[in-house]
Amino acid sequence: MTALSRRQLVGLVALTFMWGLNWPVMKFSLREIGPLHFRAITMSLGALGLWLFFRAQGLRMLPRGASEWRHVVVLGLPNVLGWHGLSIIALTQLPAGRAAILGFTMPVWTVLLMVLFYREPLSKRLGLAVAAVITGIALLLGDEFVQLGGSPAGILWMQGAAFCWALGTIWMRRAKLTLPPEALVVWMMVLSSVVLAVMAWTLEPTQKWNFSIPMWISLIWAIAINYGASQVVWFRLARALPPSTSAMSIMATPLIGILSAPLIVGEWPRWQDLAAMVCVVVAIAAVLLKWDAKPANP
């Protein structure tokens, strides 16, 4: 396992809390706004804030040449458009804690993709991780089928989002970038928000803007935290650490999502959620605790 510096460790802990709390906050927001409108608005304003912040630091923000624009598009498709688009659709059909559990199966898919396509060695630990994730997903699928008004499709949307994030994490690590990562993040968000805005205008009803005060607070959170601080921290870590380390080190995020959901949106976890969370944590730990393994090749 790659040793973390104090700065990286602080970043991972902060990221865990930001992402964990973000799930019920997003769920709260969807009470008054369409999911695609929500993503398009918060992502575009978050991108603007990041652009102003990074530009003030003197960073080059405009991509140069076809190669840098190609990185923006190719890396933006799974990392931003795929993950953020599919996950918000899933959240309309799932409780916040349950969506967080399913989203953070991503680390297992990251390492599994490394095995299948990038010659990462297959280990017994990975076999245990995959079995645990499948068990957790089966528990939640079974509960969704049993519940009156359950939404098994939401689980499939969420797993699609997790797969996109896993693939994007690997591509970010292996990309030979000349564009500063900060600029890459901003432009991925800009292009993705344009696509989401077109989809929102086409697929969702006309949005009303007479929001409640708590709703405005949740929108500010989404812009400043989810599309501000957390984006910078995550993509910097994704570039600095091997995928297995940067992904697995945020294993407490689903727990924070589950524990905060009753306070923010009044959603109490079912026993299947708690059991699935244990499965996911076991799966992540099975891959994370490879103390004597060599890190993945950059």
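Here, each number is a calculation from the coordinates, and none is a lab measurement. The shown structure was predicted, so the numbers you read here are calculated from the model rather than taken from an experiment. Virtual Cβ from ideal backbone geometry, glycine too; neighbours counted across all protein chains shown.
Hey, if you put +1 on the Cβ of every Lys and Arg and -1 on every Asp and Glu Cβ in the chain, which of W234, S212, H37 ends up farthest toward the positive end of that dipole?
Going by the Cα projections, it comes out as W234.
List F145, F38, F28 from most exposed to least, where exposure is judged by having the fewest other Cβ atoms within 10 Å.
On the way: F145 10, F38 24, F28 19.
Starting with the residue having the fewest Cβ neighbours, the order is F145, F28, F38.
Name the shape class, rounded, prolate or oblate, that the alpha-carbon gyration tensor gives for region 62-157, where a ≥ b ≥ c are the square roots of its eigenvalues, rounded holds for a/c under 1.5, and otherwise prolate holds if a/b is larger than b/c and oblate otherwise. Walk me through the numbers on the way to the answer.
Numbers: a/c = 3.79, a/b = 1.34, b/c = 2.82.
Oblate, because a/c is 1.5 or more while a/b does not exceed b/c.
For each of S87, S230, count neighbouring Cβ atoms within 10 Å of the residue's Cβ, then give the residues from fewest to most.
Details: S87 25, S230 20.
Arranged by neighbour count, lowest to highest, S87, S230 become S230, S87.
Quick one: what Rg and Dmax do you get for region 1-134 from the alpha carbons, in Å?
18.0, 48
Does region 14-81 come out rounded, prolate or oblate by the C-alpha gyration tensor, with a ≥ b ≥ c the root eigenvalues, rounded set by a/c under 1.5 and, if not, prolate when a/b is larger than b/c and oblate if not? Each step should come with its number before you reach the end.
Details: a/c = 2.12, a/b = 1.72, b/c = 1.23.
Since a/c reaches 1.5 and a/b is larger than b/c, the shape of region 14-81 is classed as prolate.
If you place +1 on the Cβ of every Lys and Arg, -1 on the Cβ of every Asp and Glu, and leave all else neutral, what size is the dipole of region 6-288 about its Cα centre, to the nearest 20 Debye?
Working: 20 positive and 9 negative charges, 192 e Å.
That gives a dipole near 920 debye.
Putting +1 on Lys and Arg Cβ atoms and -1 on Asp and Glu Cβ atoms, find which of T178, L86, T110 reaches farthest to the positive end of the dipole of the chain.
The residue sitting most towards the positive pole is T178.
When the chain is fully extended, how far beyond the present Cα-Cα distance does F17 get from L59, taking 0.36 nm per residue of separation?
Length gained, F17 through L59: 12.3 nm.
Can you list the residues, at least 5 places off or on another chain, whose amide H is less than 5 Å from the amide H of E120, using H built in the peptide plane?
For E120, whose amide H was placed from the backbone, the distant partners under 5 Å are V115.
Which of F117, F53 has the fewest other C-beta atoms within 10 Å, and how do the rest follow up to the most? Display every interim value, and only then the final one.
On the way: F117 10, F53 14.
Neighbour counts put them in this order, fewest first: F117, F53.
Step through the residues of region 158-172 one at a time and calculate ³J(HN,Hα) from phi using the Karplus curve (6.51 cos²θ - 1.76 cosθ + 1.60, θ = phi - 60°), rounding each to whole Hz and writing x for Gly and Pro.
Taking θ as phi minus 60°, the curve returns 5, 5, x, 5, 4, 5, 4, 5, 4, 4, x, 4, 5, 4, 4 Hz for region 158-172.
Is the shape of region 78-220 rounded, prolate or oblate, going by the alpha carbon gyration tensor and its root eigenvalues a ≥ b ≥ c, with a/c under 1.5 for rounded and a/b larger than b/c for prolate?
Numbers: a/c = 2.49, a/b = 1.16, b/c = 2.15.
Judged from the Cα gyration tensor, region 78-220 comes out oblate (a/c at least 1.5, b/c at or above a/b).
Helix-only estimate, please: 222 nm mean residue ellipticity of the chain, summing -39500 (n - 2.57) across DSSP H runs of length 4 or more and dividing by its residues, to the nearest 500.
Numbers: 14 runs with 212 residues, N = 298.
Rounded to the nearest 500, the figure is -23500 deg cm²/dmol.
For region 135-190, what's the radius of gyration and Dmax over Cα atoms, in angstrom?
Taking only Cα atoms of region 135-190, I get Rg and Dmax of 17.2, 52 Å.
Project the alpha carbons of the chain onto their principal axes and report the range along each, largest first, in whole Å.
52, 52, 33
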